Amino acid sequence: MQTLDLAGIGIGPFNLSLAALLAPVPGVRARFFERRPAFDWHPGMMLPGTRMQTSYLKDLATPVDPTSPYGFLSYLVEKGRFYRFINADFPRVRRVEFADYLRWAAERVPNLGFGQGVRGVEFDGRGFRLSLGDGRAVSARHLAVATGMAPHVPPWAERHLGKHCWHSHSYMNAEFSVENRRVAIIGGGQSGAEIFLELMAGARGRAADVTWITRRPNLDPLDETAFINEYFTPDYLRHFHRLPEERRSALARSHKLTGDGVSPVTLQELSQYLYERDFLAGDAATPYRVLPQREVYLMGREPGGFHLRMNNGFNHGEEAASADLVILATGYRYALPDCLAALTPALSLDPEGFPRLAEDYSAQWDGPAEHRIYMLNAGRNSHGVADAQLSLAAWRSAVIVNSVAGREVYATEPCPSPLTWAGTQPGGRRESQPAARLCSS
Ligand SMILES: Cc1cc2nc3c(=O)[nH]c(=O)nc-3n(C[C@H](O)[C@H](O)[C@H](O)COP(=O)(O)OP(=O)(O)OC[C@H]3O[C@@H](n4cnc5c(N)ncnc54)[C@H](O)[C@@H]3O)c2cc1C
């Protein structure tokens, strides 16, 4: 059995980016393992019409290697629709198109194994030993763990999960009709907004009514203005990582809406939809309620459905609602994957359960330093809110490639921010700094 330099667990966009950037690097033997039979990006939330929250240029490779054959522009050119795409001038591309791009890349990037779930990982003193679902085992010097986030189900909903109550991550997989039924959607982020719009538009039949409940003070927007977007740059990450741990987790919490609000384009669509529904649609329109600042704390059964009890944070009142179907658009949480159970005692975790990560995304652990466990999408408290987004996925992959290769394969030196995060040095590019270099081999 040959020992790999790097074994990747999970093939979502983040490890796919790492595999794409490792592909041209000579002398690094890597293989990535995915339990799904083929690449599939959040299939349960692939609603028609939904759009990306990030630029298509923040793809698997372009931000660090625009010459990569795995970039979004190569996809457009190979599909023969580059000029049409430019002419159509989308503010943000459709999620369905980006998912197709990712699938296209997954068919071309080498060293990917689908239908090969990782059941467990052990460290035997000389390396990591991965047991695969099909009974085979693989050895590797380093790991890259990118198994994604786990759907968050609030404790009051757990015992009701089933045919009439489910989490949004499986929304498109669920077979259901809302015809003449009362529907409650819980959660005021992007997924809640998309599901509300879809149900109001009658995609699943005509509901008796739709109640959309969120504990957020309002339908809060994703803040994607210029200086907020500085949080999604390598320069900010470097400064952020140098802060003390408590300061980092407090900052990450305060940055929630920079990565977790509703896209302004969706809010406008929503506002226009409700205007038309309220004033132009006539009697055929589905009744609705949008309830901001409501924190649901109890869900129970009642004849024919569920009742929900909630606190109103606006007037500090108590309120209740009834529903036949409850859809939980309650987001995702970080959790260490089960396959790392044997390694977990050796990992250093912060008080919120996130692994403590070095600047190169390797986890602090009790094992030998020459064996590293890189963790992708686990760094909210070490690298900031950008860690869960596509914005810096390619840059993070480049940092990890350099660390695995032990040399600078990709230039990752940050471009200085116009904002001075610490100290009083002037921000922006200074004359003496060299321009960022591209990939060197
Ligand atoms: C609906 C939705 C839309 C989003 N849209 C955007 C956006 O527009 N812009 C943006 O920047 N971010 C977006 N995000 C956030 C983020 O980019 C995605 O969640 C992204 O998919 C995270 O990539 P990942 O590789 O970490 O995880 P995932 O995409 O979740 O992939 C993890 C993979 O690991 C596999 N896996 C898990 N355990 C094992 C195991 N033991 N063995 C083998 N395989 C395993 C899973 O099957 C899965 O395929 C969105 C998130 C959601 C939920």
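Read-outs: derived from the displayed coordinates by stated rules, not from any lab. Since the model is a prediction, treat every value here as computed from it, not as a measurement. Cβ coordinates were reconstructed from backbone atoms using ideal geometry, including for glycine residues, and neighbour counts include every protein chain displayed.
Numbers for the structure displayed
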{"item": "Residues whose placed amide H lies under 5 Å from that of residue 9, excluding near-sequence neighbours", "result": "33, 144, 145, 146"}
{"item": "Folded to 0 to 90 degrees: helix 245-254 orientation relative to the chain principal axis, Cα", "result": "40 degrees"}
{"item": "Length-normalised contact order for the chain - Cα pairs under 8 Å, 6+ apart - percent", "result": "21 percent"}
{"item": "Computed lengthening from residue 422 to residue 170, 0.36 nm per intervening residue step minus Cα-Cα distance", "result": "86.4 nm"}
{"item": "Chymotrypsin sites (Phe, Trp or Tyr not before Pro) restricted to DSSP loop in the stretch 33-106 with at most 15 other C-beta within 10 Å", "result": "none"}
{"item": "Gaussian network model of the chain, springs between alpha carbon atoms under 10 Å - residue of 95, 51, 159 with greatest fluctuation", "result": "159"}
{"item": "Cα-based equivalent ellipsoid, the stretch 297-441: semi-axes from gyration tensor eigenvalues, Å", "result": "43, 24, 15"}
{"item": "Listed peptides 414-426, 304-316, 145-157 by packing density, highest first (mean Cβ within 10 Å)", "result": "145-157, 304-316, 414-426"}
{"item": "Residue-averaged 222 nm ellipticity for the chain, from DSSP H runs of 4+ at -39500 (n - 2.57), nearest 500", "result": "-7000 deg cm²/dmol"}
{"item": "Additional length obtainable on full extension of the chain from residue 275 to residue 208, 0.36 nm per residue less Cα span", "result": "22.2 nm"}
{"item": "Degrees separating the helix 393-405 axis from the principal Cα axis of the chain, which is the longest one", "result": "30 degrees"}
{"item": "Theoretical gain in end-to-end length, residue 3 to residue 298 [0.36 nm per residue, Cα-Cα removed]", "result": "101.0 nm"}
{"item": "Protection-proxy order for peptides 16-28, 391-403, 334-346, 276-288, each taking the mean of Cβ atoms within 10 Å per residue, highest first", "result": "391-403, 16-28, 334-346, 276-288"}
{"item": "Estimated D of the chain in µm² per second, where Rh is the Kirkwood radius over Cα pairs and Stokes-Einstein applies at 10 °C, 1.306 mPa s", "result": "67 µm²/s"}
{"item": "Nearest-0.05 FRET efficiency for residue 283 and residue 81, computed from C-beta distance (R0 35 Å)", "result": "0.25"}
{"item": "Partner lysines for residue 58 [C-alpha distance under 29 Å; skip if fewer than 8 residues away on the same chain]", "result": "79, 256"}
{"item": "Radius ratio Rg over Rh of the stretch 1-48, counting only Cα atoms, Kirkwood formula for Rh", "result": "1.08"}
{"item": "More than 19 angstrom apart: percent of Cα pairs within the stretch 133-203", "result": "50 percent"}
{"item": "Residues residue 256 and residue 160, FRET efficiency given R0 of 35 Å [Cβ-Cβ distance, rounded to 0.05]", "result": "0.85"}
